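Laboratory data are not the source of any read-out in this text; all were calculated from the coordinates shown. Just so it is clear, the model here is predicted, and its values are computed rather than measured. Cβ placement follows ideal geometry from the backbone for every residue including glycine, while neighbour counts extend to all protein chains displayed.
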Amino acid sequence: MRVLVVAHGFPPAAAGGAEIYARALARELAREDEVVVIAREARPELPEFSLREQTGEPFRLVLVNHTYRDTRSFRDTYRDPRMGERLAGLLDEIRPDLAHLHHLTNLTTDLVELLASRGVPIVFTLHDYWLLCQRGQLLDLEYRRCPGPSQAGCAR
């Protein structure tokens, strides 16, 4: 089976909980299956949306450079057609049997539709509330638990 793992960053450059979890899972899956990891990196010296493969893991690791230097709108920060085009090309090359998404920050939410249009089953581990909350944690400005998205709360 060819499993695609997607994360918004990857160790050692990005070492938060979701990134560490995605790496550990990819290593374990690579014992039995072919694994390809796609993650974002932010290297200003590289062209925007360029691809770079990093060695040293028991799986193929493809890093997509995204520094936001060419971002044109707020919408581009979460749904960028240029990132979508780059990822679509990768999906056509990789041809995964299954995709495990960990985070879409710094990539594009279009990825869900790109996978679905190719008939790829998706497992999506939600590590935080980013898809609902621009702050990511459902906390208000005073760090109290927020009841959820609303014009009154989010506009503040």
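Numbers at a glance
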{"item": "Fraction of beta bridges assigned by DSSP in the chain that are antiparallel (%, nearest 5)", "result": "20 percent"}
{"item": "Neighbour-limited loop hits for trypsin sites (Lys or Arg not before Pro), the range 99-144 (at most 10 other Cβ within 10 Å; DSSP other than H, G, I, E, B)", "result": "144"}
{"item": "The range 40-77: trypsin sites (Lys or Arg not before Pro) falling in loop per DSSP and having at most 14 other Cβ within 10 Å", "result": "69, 72"}
{"item": "From the C-alpha gyration tensor of the range 71-149, square roots of 5λ in Å", "result": "28, 16, 8"}
{"item": "FRET efficiency, 1/(1 + (r/R0)^6) with R0 25 Å, evaluated for residue 13 and residue 129 via beta carbons", "result": "0.60"}
{"item": "Hull volume in cubic angstrom per residue (convex hull over the Cα atoms of the range 19-120)", "result": "97 Å³"}
{"item": "Relative contact order, percent, the chain [alpha-carbon distance under 8 Å, six or more residues apart]", "result": "22 percent"}
{"item": "Pair residue 145, residue 42: separation of 7 Å Cα→Cβ label points (nm)", "result": "3.0 nm"}
{"item": "In order through the range 97-108: 3J(HN,Hα) via Karplus (6.51 cos²θ - 1.76 cosθ + 1.60), integer Hz, x for Gly, Pro", "result": "8, 7, 10, 10, 8, 10, 6, 10, 3, 6, 10, 6"}
